[in-house]
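Here is the structure we will look at.
The values are calculated or read from the model by the stated rules, or taken from the named source; none is laboratory data. No experiment lies behind these values; they were computed from the predicted model shown. A quick note on method: Cβ atoms are made from the backbone with ideal geometry, for glycine too, and the neighbour counts reach across all protein chains shown. The accessibility values were calculated without ligands, DNA or RNA, using every heavy atom of the protein model including side chains. Shrake-Rupley method; radii C 1.70, N 1.55, O 1.52, S 1.80 Å.
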Amino acid sequence: MKFKMFSVIVGTEACMASCPFCVSGVKPSKENLEERNINWRNLKIAANLANRSDIDTVMLTSRGEPTLFPEQITEYLKNLSEFQFPFIELQSNCIPISLNKEKYEKYLKEWYEEGLTTITISVVSNRAESNRKIYMPNSDKYIDLPDLIKYLHSFGFSLRLTCVCCKDMMDTVDKVQEFINFAKENKVEQVTLRPVNDEFRRKSAEEWIKENKLTDKQKQQIKDYLEEKGTKLLELERIGTIYDVNGQNVCLSLPLNKYTRDTNPENARNLIFFQDGHIRYEWEMEGGILL
Ligand code: SF4
């Protein structure tokens, strides 16, 4: 079998945010803040398979917020180093880092040394108020995003702002343009625009997503804008299209759902390692399992 991406699960479903579109949306508790054991033998099996697929990027990701488990991120990086993946990315809302730089400074240095190349910051907008409403609704302000970007850059990381596009937050060409300008001003290397996934994965998210997903017309307008103002750089099959828009890298991402599945085993999308040692090629379909 051959895969395009290698996802490695960090931490648990715990997250201090409670985004209404989240796949899990579970608040931190004593139980879910406990690190789970990792089946290192099977991580090696998965990483070998990823190497055979010529995968160039590993994504350290989670059902919750991975930076709540900083020691585990370091351990993963150490264990992955022998496989020499060119790019290792960490997907995070980065709120814990921004709120506690003292704690994370040593980890950020370690992660850089151990090969982490990219940090992907999850947002819904460049506007603080929109991000606050989604990520920190019980707080009176959102983190200082430009400051966070500067801070992470200071360690040498490459950054990607990954925007989940929702109604009233990132649903018009004007807002997309503003977001792209924000990224460029702050020297963010890459931007991803991902319309909120309208395949519901959590019952309680269903209503919200129905209410707040982009219409087909809005998605088309954004695509038309990128086609017109940008230069198409890469078409990544079943992943998305990458443009240069005034010197800013912008990916318009396709959702992970049944329409982006390919049943040809030589062209599978995602190889996913779970901490208990299970290796799967589907996030949601229990049957999509190798080990
Ligand atoms: S930041 Fe990510 S993990 Fe946390 S609640 Fe939001 S979508 Fe879920």
Original post:
What are the pairs, 6+ residues apart or on separate chains, where a residue within the stretch 160-181 that is free of Cβ contacts under 8 Å to residues at least 24 places away in the same chain has its Cβ under 9 Å from a residue that is of a type in the set (D, E, K, R) and assigned to a loop (DSSP other than H, G, I, E, B)?
Top reply: none
Original post:
Out of the stretch 242-291, which residues are farther than 30 Å from GLU75 by Cα, among the aromatic types (Phe, Trp, Tyr) and either modelled with pLDDT under 95 or assigned to a loop (DSSP other than H, G, I, E, B) (or both)?
Top reply: TYR259
Original post:
Any residue in the stretch 30-39 that is within 16 Å of the ligand (Cβ to nearest atom) and open to solvent by less than 20 Å² (accessible area, probe 1.4 Å)?
Top reply: yes
Original post:
Which pairs have Cβ atoms under 8 Å, sit 6 or more apart or on different chains, and link a residue in the stretch 35-62 that is assigned to a loop (DSSP other than H, G, I, E, B) to one that is open to solvent by 40 Å² or more (accessible area, probe 1.4 Å) and among the aliphatic types (A, V, I, L, M)?
Top reply: SER53/MET1; ILE55/MET5
**OP:** Give me the pairs, please: first residue somewhere in the stretch 93-110 and touching a residue at least 12 places away in the same chain (Cβ under 8 Å), second residue anywhere and more than 16 Å from the ligand (Cβ to nearest atom) and among the β-branched types (Val, Ile, Thr), beta-carbon distance under 7 Å, and either six or more positions apart or on two chains.
**Re:** TYR107/THR74; GLU110/THR74
Subject >> Search result, residues across the stretch 6-27 that are more than 10 Å from the ligand (Cβ to nearest atom) and either open to solvent by 30 Å² or more (accessible area, probe 1.4 Å) or among the small types (Gly, Ala, Ser) (or both) >> reply: SER7
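Considering the stretch 211-220 alone, what residues qualify as being within 22 Å of the chain's Cα centre (by Cα) and within 21 Å of LYS133 (Cα to Cα)?
First pass over the stretch 211-220, keeping only residues within 22 Å of the chain's Cα centre (by Cα): 212-214, 219.
ASN212, LYS213, LEU214 - these are the residues of the stretch 211-220 that are within 22 Å of the chain's Cα centre (by Cα) and within 21 Å of LYS133 (Cα to Cα).
A quick yes/no check of all residues on (1) open to solvent by 80 Å² or more (accessible area, probe 1.4 Å); (2) of a type in the set (Asp, Glu); (3) touching a helix residue (DSSP H, G or I) at 6+ places or on another chain (Cβ under 6 Å):
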position: ALA183; (1), (2), (3): no, no, no
position: ASN186; (1), (2), (3): no, no, yes
position: GLU189; (1), (2), (3): no, yes, no
position: LEU193; (1), (2), (3): no, no, no
position: LYS203; (1), (2), (3): yes, no, no
position: GLU207; (1), (2), (3): yes, yes, no
position: GLY230; (1), (2), (3): no, no, no
position: GLU237; (1), (2), (3): yes, yes, no
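Looking at the structure I just gave you, is VAL173 hydrophobic (A, V, I, L, M, F, W, C), open to solvent by 30 Å² or more (accessible area, probe 1.4 Å) and at pLDDT 95 or above? Quick ask: steps written out before the conclusion?
On the way: hydrophobic (A, V, I, L, M, F, W, C): yes; open to solvent by 30 Å² or more (accessible area, probe 1.4 Å): yes; at pLDDT 95 or above: yes.
So VAL173 fits the description; yes.
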Original post:
What is the residue count in the stretch 52-69 for residues that are in contact with a Phe, Trp or Tyr (Cβ under 9 Å, 6 or more places away or on another chain) and within 16 Å of the ligand (Cβ to nearest atom)?
Top reply: 4
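Answer yes or no: is there a residue in the stretch 242-249 that is of a type in the set (Phe, Trp, Tyr) and under 26 Å from ILE9 (Cα atoms). Write out each step before concluding.
First, the residues of the stretch 242-249 that are of a type in the set (Phe, Trp, Tyr): 243.
The next check asks that each one be under 26 Å from ILE9 (Cα atoms); those that pass are none.
No, the stretch 242-249 contains no residue that is of a type in the set (Phe, Trp, Tyr) and under 26 Å from ILE9 (Cα atoms).
Would you point out which residue out of GLU82, GLU105, GLU110, GLU89 is away from the ligand (no atom under 13 Å from the Cβ), open to solvent by 10 Å² or more (accessible area, probe 1.4 Å), within 30 Å of ASP168 (Cα to Cα) and outside any loop (DSSP other than H, G, I, E, B)?
On the way: GLU82 fails: within 30 Å of ASP168 (Cα to Cα); GLU105 fails: within 30 Å of ASP168 (Cα to Cα); GLU110 fails: within 30 Å of ASP168 (Cα to Cα).
Result of the check over GLU82, GLU105, GLU110, GLU89: GLU89.
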